[in-house]
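A quick write-up on the structure given underneath.
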Amino acid sequence: MKPLNPILILVILTASALVTSTQSEEPSDFAIVVDINHNPVILNFTRAFYALNESLNSRARIFYNNSTLSESTLSGVAAFIIPPFNKTFSDEELEVIRKYVYRGGILILLALDHDPDREYNMDPIIFDDLLSSLPLEERPKLNYTAGGIGLRCIDPLSNDSFLRVNSSKYFTNALKFNYLRKKEYNLILQTTIFTIKTKDLNETPAIVPPKWVYCLSGSTVLYFESGGVLFYIGKYGQGYVALFGFAISVSDIENVIYQKPWIDLGDNKKFWVDVVLSLLKPAKEKPGTISLELVSVTLIGTGVVIIGLGLLIIQRERKLQPKRKKEISIAEALKQIRKRG
């Protein structure tokens, strides 16, 4: 058996390296941590996590953290989810969160409206303290009254007072085109409201409420003509912060009017999954962008393969060419004949 040609070995190894580098671009799984150490008022998100895991081909790993935050807690974590809560984050914990986002982490904050007839409500002052500790360009703020009561958005034109939000009208262009790939959504929301500061709201990834919607807190009625949003994505360093004003609308809690979980109403589940997926996937995997490092490796590898194949072809052609006979003089030919005789 003849040994393999060294050029052929080079071609095989280069092709294998290209396949390996391409396959290793996608992580094996996504670690997602949910905070339960700061007195969360609801943790009913089983359907939301199940749908997300299904969309990630069962590669999501959900962990619940019941201890004080440290850098090791969030090391290697793809997303950190904080449900509506009632316990203050320490200054050290806030610094851990800031560093986590700045280095490329994804922070998902779920806010809750206030309902005096409900057994559970979050503390909006503590929530806003966490939010204000993040140096986001748009400076988002959770709205609440002087007594620390969170606002609820009311739609006076609907029979049930819930907000019907259509993506074609109330999603900004930055949200539709940069994160949701122009998909259409019809959301049914029970939500609170944030305000943000930006020169052009359409350039900020957000959901704005219909103009006729007002916010209610006890006997207080407020309108937000500009700057009011129900959902927002902010960028800090290499990471992202996503604010959901409607935690209950992506939860398993049953809507008593429609007798089904909130997350199963309208396109609530679809929106939740698509938003989180758009943040989890790195920029190089988004449409229209290609990793320059991968392009370089591919071009170099392709060049080596082409050169190797060319050399193999040249060697093969040389072997196939008929060998030229050695020319000798007539005298020499006669001499050899005599010897044989």
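The values are calculated or read from the model by the stated rules, or taken from the named source; none is laboratory data. Quick caveat, the model's predicted, so the values are computed rather than measured. FYI the Cβ positions are ideal-geometry reconstructions off the backbone, even for glycines, and counts take in every protein chain you see.
List the pairs whose first member sits in region 79-95 and is not assigned by TED's automatic domain parsing to the domain that holds ASN44, whose second member is crowded, with 19+ Cβ neighbours inside 10 Å and polar (S, T, N, Q), and whose Cβ atoms are under 9 Å apart, counting only residues at least 6 apart or on separate chains?
Sorted first by the residue in region 79-95, then by its partner, the list stays empty.
If TYR185 meets every condition in (1) at pLDDT 95 or above; (2) of a type outside the set (Asp, Glu); (3) surrounded by 21 or more Cβ atoms within 10 Å (Cβ to Cβ) apart from one, which number is that one?
The number of the failed condition is (3).
Test ASN86 against the criterion of being modelled with pLDDT of 95 or more and either hydrophobic (A, V, I, L, M, F, W, C) or surrounded by fewer than 21 Cβ atoms within 10 Å (Cβ to Cβ) (or both), and give yes or no.
The answer is yes for ASN86.
For region 115-156, give me each residue that is of a type in the set (D, E, K, R) and outside any loop (DSSP other than H, G, I, E, B).
ASP128, ASP129, LYS141, ARG152 - these are the residues of region 115-156 that are of a type in the set (D, E, K, R) and outside any loop (DSSP other than H, G, I, E, B).
Suppose the filter is assigned by TED's automatic domain parsing to the domain that holds ILE108, assigned to a loop (DSSP other than H, G, I, E, B) and closer than 27 Å to ASP274 by Cα; does ARG164 pass it?
In short, no.
With the structure loaded, tell me whether LYS87 is under 28 Å from ASP200 (Cβ atoms) and among the basic types (Lys, Arg) or whether it fails that test.
Details: under 28 Å from ASP200 (Cβ atoms): no; among the basic types (Lys, Arg): yes.
It is false that LYS87 is under 28 Å from ASP200 (Cβ atoms) and among the basic types (Lys, Arg).
Mind telling me which of the residues LEU180, LEU222 ends up being surrounded by 14 or more Cβ atoms within 10 Å (Cβ to Cβ) and either under 26 Å from TYR102 (Cα atoms) or outside the structural domain of ASP274 (by TED's automatic domain parsing) (or both)?
Exactly one residue qualifies, and that residue is LEU180.
Consider region 53-81. How many of its residues are within 16 Å of the chain's Cα centre (by Cα) and either among the basic types (Lys, Arg) or in a strand (DSSP E or B) (or both)? Break it down into steps so the answer makes sense when it comes.
If we filter region 53-81 for residues that are within 16 Å of the chain's Cα centre (by Cα), which is where we start, we get 53-62, 76-81.
Retained after the next criterion (residues that are either among the basic types (Lys, Arg) or in a strand (DSSP E or B) (or both)): 59-62, 79-81.
Looking only at that region, the number is 7.
Residues being basic (Lys, Arg) and assigned to a loop (DSSP other than H, G, I, E, B): count how many of those fall in region 237-265.
0
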